[in-house]
Every structure is written in C-alpha cells, then in structure tokens.
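Below: one structure, written as structure tokens.
The values are calculated or read from the model by the stated rules, or taken from the named source; none is laboratory data. Worth saying up front: this structure is predicted, and the values here are computed from it rather than measured. So basically every Cβ, Gly included, is an ideal-geometry build from the backbone, and we count neighbours across all protein chains shown. The area values use the complete protein model at the heavy-atom level, side chains included, leaving out ligands, DNA and RNA. Shrake-Rupley method; radii C 1.70, N 1.55, O 1.52, S 1.80 Å.
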Amino acid sequence: MELHQIRYFLSLCDELNFTRAAERCRVAQSSLTRAIKALEQELGGALFHRERANTHLSKLGQKVKPFLEQAYSHVEGARKQAQDFVRAQTATLRLGLMNTVAPSRLYEFVAALRARHPGIALQIIDASAQALQERLLAGDLDVAIYALPELAGDERLNILPLYREPFVIAVKPAHRLARRDVVRVPDLLGESYLRRTHCEYDAVTRETFGRQGVNGPTVYQSDRDEWILAMAAAGLGYGVMPAFSATYPGVVALPLIEPEIARDIALVTVRGRPDSAGVGALVREVMRMRWMSAQSFAPAIAAGV
C-alpha cells in the first residue's frame, strides 16, 4: 500500500466521482482508477460500488476508511514535523531587544539560543521599548523583549514575563544618602536630579516623585546611561536607574522604596499571529533560562558591586 493510493481513496470518498477526485488530486483519471484497483486487490475486495451516477463506498470501504484516514493523518503529521524541523534549522528570527536592558541579563540567553539552534539566522534589533512595540505590531519583528508600564493590559499582545527589575538611586559614595540601606522617595526632597530621557518609566517616575513633593532641579539630561552614571559619580546629583544597569566606578546604587518603582521585562509576540519555527525555538530557550529578579541582588546593589 502506497501513500498516494490512500490519498486518492480519501479524495474519492469525499467526491464520490472519479473525474472530480482525479482533478482534486491533479492526476489523470486513468491513474486514479488504477491506484484504486490496486488498493482493492491488496485489501481483498471492492472499496466502491461504481454506478453510472451513484458511486458510493462499499461495506469494505466503509470498514477500512477510518483506518486509512488515521494512517494518512499520521503520515501528514510526520511530514509537518519534519518540515518544521528543517525550517527551524534555517529560519530567520527577528528579535528586538530594549536598549535599556543591561547586557548581563541577556547575553547568556542569546548565547544559548545560538548554541542550541545554529541554523537560525538571528537578527537582533536594538531600540526603545515603544519603537520595538511599533515594529512588532507592524510585522517588522517576530518577537521582542522589553517593558512598558501599560504592557500587561495590551490585548493585542502575548506577554511572557521574564523577570522583575526595580529601579535604584545612583549617587557618589560621598553623597549624604550613600550610607543608607535604602532610599525612600521623600528622602530625595531638594536633591538635584539626573534625568534619563530615554527611560520607558520616565513619566511614571516623575509622577510618583511629584505626588511625594520631590521636585528638585533637573541639572542634567541624557539618553546615555553611562553619562548619567558619570555625572552621579562626579557629584552632580542622583539618577534613577534600572538595578542591573547601575554599575559604574565611583557610584553607589541604593534600593528605592516607599514607593518602589519597578519594571517587568517580558517576551512579547503579537496575539493571533502564527509563530514561526524560530519563535518556537526562542520560547523554548526562554523557558530553559533561570531568570532572576534584581531583588535577589539587593545586597550587591546596595554595596555598589
């Protein structure tokens, strides 16, 4: 028994007409007829009763049809699995990474993805969270890793949380707050502020500080974290930084509380959009990783390590 014979048989079951079944299978009617006869000889009896305008399944045909359907389904399933596997070896994966995420959180993940799936042509795009979301929705990215305050409530997107990262206060070691274990928002009253203009939580931070009456002068603005940290080390003021990005010579990073400001880094895809084999491989690598919250590193952060 050959696969094409089963396919011809199932098409004829649907059409109950040799001409239409042959057209559906894109073969000559004589080829389909020969295949059905060969199948009947192998199974030991007629599978169809051929009448002028009433071709229909015989009792033998009715008996074997479920088994042939199942066999064909299994073969097609195996074919699809094989095709998906081959595509996964040669797939292009367009991955967006938020440019405010510290590389220390993602390089192991990218390295593991490359090692376990060398056939995936990985293209990484570095951009702001808002730009990544726009490109993701437009179809220019397959998947992205980023954080936005309103992300969890966006029904257009599938969200897979990776880790939670609190914001910290970055100051020089000689700053009046540097010896504290934590900094409360009201403790910053009157202090000079170093503003990260590219921060996706900038509006949240300014609103939170405003509600607490913290409205000290903004003495420096930059979209480069290393310059914010350099100005903090120089004693120009304090910066509000993601915990994993707050490492710099001459800077102490202190947990911020009352209230805490934190961001949830997530893997994001578009809801309803079919996942490619490359996306499937990436999700499997994400699930392998042990993502740790920055809160686990609070002692090291407070010590400026």
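Quick one: which residue in Val101, Val75 is β-branched (Val, Ile, Thr) and under 30 Å from Val168 (Cβ atoms)?
Val101 is the lone residue from the list that is β-branched (Val, Ile, Thr) and under 30 Å from Val168 (Cβ atoms).
In the range 125-164, what residues are open to solvent by 60 Å² or more (accessible area, probe 1.4 Å), more than 12 Å from the chain's Cα centre (by Cα) and under 25 Å from Thr208 (Cβ atoms)?
Hits for the range 125-164 are Gln130, Pro149, Glu150, Ala152, Gly153, Arg164.
Could you give me the residue pairs with C-beta distances under 6 Å whose first residue belongs to the range 95-113 and is open to solvent by less than 10 Å² (accessible area, probe 1.4 Å), whose second residue is of a type in the set (A, V, I, L, M) wherever it lies, and which are 6+ apart or on separate chains?
Leu95/Ile124; Leu95/Val143; Gly96/Ile125; Gly96/Leu132; Gly96/Leu141; Gly96/Ala144; Met98/Ala129; Phe109/Met289
Filter the range 197-224 down to residues that are open to solvent by less than 60 Å² (accessible area, probe 1.4 Å) and of a type in the set (D, E, K, R) and give me whichever is nearest to Leu151 (Cα to Cα).
Result: Glu200.
Restricting attention to the range 173-196, which residues are open to solvent by 60 Å² or more (accessible area, probe 1.4 Å) and in contact with a strand residue (DSSP E or B) (Cβ under 7 Å, 6 or more places away or on another chain)?
If the condition is that a residue be open to solvent by 60 Å² or more (accessible area, probe 1.4 Å) and in contact with a strand residue (DSSP E or B) (Cβ under 7 Å, 6 or more places away or on another chain), then Pro173, Arg180, Arg184 are the ones that fit.
Could you list, in sequence order, the residues of the range 4-38 that are open to solvent by 40 Å² or more (accessible area, probe 1.4 Å), touching a residue at least 40 places away in the same chain (Cβ under 8 Å) and either of a type in the set (S, T, N, Q) or assigned to a helix (DSSP H, G or I) (or both)?
If the condition is that a residue be open to solvent by 40 Å² or more (accessible area, probe 1.4 Å), touching a residue at least 40 places away in the same chain (Cβ under 8 Å) and either of a type in the set (S, T, N, Q) or assigned to a helix (DSSP H, G or I) (or both), then Arg7 is the only one that fits.
Out of the residues in the range 39-56 meeting the condition of being open to solvent by less than 30 Å² (accessible area, probe 1.4 Å) and among the hydrophobic types (A, V, I, L, M, F, W, C), tell me which one is farthest from Gln5 (Cα to Cα).
Among them, the one singled out is Phe48.
Any idea which of (1) part of a strand (DSSP E or B); (2) touching a Ser or Thr at 6+ places or on another chain (Cβ under 9 Å); (3) within 16 Å of Leu188 (Cβ to Cβ) is the one Gly216 doesn't satisfy?
Evaluating Gly216 over (1) part of a strand (DSSP E or B); (2) touching a Ser or Thr at 6+ places or on another chain (Cβ under 9 Å); (3) within 16 Å of Leu188 (Cβ to Cβ) leaves (1) as the failure.
I'd like to check something: does the range 114-122 contain any residue that is more than 30 Å from Gln5 (Cβ to Cβ), assigned to a strand (DSSP E or B), in contact (Cβ under 8 Å) with a residue 24 or more places away in the chain and aliphatic (A, V, I, L, M)?
There is at least one residue in the range 114-122 that is more than 30 Å from Gln5 (Cβ to Cβ), assigned to a strand (DSSP E or B), in contact (Cβ under 8 Å) with a residue 24 or more places away in the chain and aliphatic (A, V, I, L, M).
Would you please name the residue that is nearest to Phe48 (Cα to Cα), looking only at residues in the range 73-92 that are open to solvent by 50 Å² or more (accessible area, probe 1.4 Å), at pLDDT 85 or above and not charged (D, E, K, R)?
Result: Ser73.
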